[in-house]
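Everything on this sheet refers to the single structure shown next.
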Amino acid sequence: MQLAYVMTEERGATDRLLSALADRLQARGIRLGGIVQTNVECHDSELCDMDVRVLPDGETIRISQSLGAGSRGCRLNPEALERAVGQVSAALQSDPLPQLMIVNKFGKHEADGRGMRPVIAEALARGIPVLSGVNRLNVAPFQAFADGLATAAEPDLDALEAWAVAAVHESTND
């Protein structure tokens with residue numbers, strides 16, 4: 001099982017890093033599955049809109065929702081996230097299978113057993129390496145999910161590319 005996670009300090013940096021990695025790996029011809037996130041600045045809020053791009057070349061889905069001024073609740077639109085999850089799950093039934101799964105974030109939904117968590121487990125069961133972003137709030141639930149088998153990856157594009165290429169090579173030679 002090849003499972004790695006990456007964390008960054010700056011807001012939105014993990015999203016930018018994983019998106020750049022996906023672009024670089026696709027340019028190398030690696031078949032990807034999963035989702036990467038892009039954040040779009042809002043004009044009426046200090047918070048950004050959150051969109052995910054379904055890999056390798058699926059649709060872009062807005063997974064955030066506007067809750068109104070002064071709202072403090074979670075802005076994640078669970079129905080939109082589940083639509084993305086369904087598309088990624090379908091890719092695990094396709095031929096050829098993805099060679100690598102990238103997941104934008106193991107967040108609260110995943111910590112609670114929902115969202116991309118079942119897809120991550122299915123990809124790993126099929127021998128597909130997985131790289132996920134994780135934030136500080138969900139490191140402990142991620143590590144519990146990974147049962148001590150996940151590797152912390154360096155938050156550097158070249159280092160992540162090297163890990164991904166090696167993981168794909170190893171998984172296809174098993």
| task | Specify whether the C-alpha gyration tensor of segment 88-174 places it in the rounded, prolate or oblate class, a ≥ b ≥ c being the square roots of the eigenvalues: rounded for a/c under 1.5, otherwise prolate if a/b is larger than b/c and oblate if not. | result | oblate
| field | Principal-axis tilt of helix 157-172 within the chain, Cα atoms, nearest 10 degrees | value | 50 degrees
| message | As a test of the formula, what do you get for the chain when each DSSP H run with n ≥ 4 contributes -39,500 (n - 2.57) and the sum is divided by the residue count, at 222 nm and rounded to the nearest 500 deg cm²/dmol? | response | -11500 deg cm²/dmol
| Taking the C-alpha atoms of the chain, convex hull volume expressed per residue in Å³ | 113 Å³
| query | How far is it, in nm, from the label point at S171 to the one at E82 when both lie 7 Å from their Cα along the line to the Cβ? | reply | 2.6 nm
| remark: Filtering trypsin sites (Lys or Arg not before Pro) in segment 84-134 by DSSP loop and by at most 16 other Cβ atoms within 10 Å leaves R114, R126
| task | Treating the angle as unsigned and between 0 and 90°, give the value, to the nearest 10°, between the Cα long axis of helix 78-91 and the longest Cα principal axis of the chain. | result | 20 degrees
| query | Based on the alpha-carbon gyration tensor of segment 127-174 and its eigenvalue square roots a ≥ b ≥ c, which shape applies: rounded if a/c is under 1.5, prolate if not and a/b is larger than b/c, or oblate? | reply | oblate
| field | Within the chain, longest stretch clear of exposed GluC sites (Glu not before Pro) (DSSP loop, no more than 13 other Cβ within 10 Å) | value | 60-174
| said: Need one number: nm distance between label points at L97 and A144, each 7 Å from Cα along Cα→Cβ, rounded to one decimal. | reply: 2.8 nm
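Since every read-out is calculated from the coordinates, none of them should be taken as a lab result. These numbers were taken from a predicted model, which means no experiment stands behind them. Every residue, glycine as well, gets a Cβ built from its backbone with ideal geometry; the counts of neighbours run over all protein chains shown.
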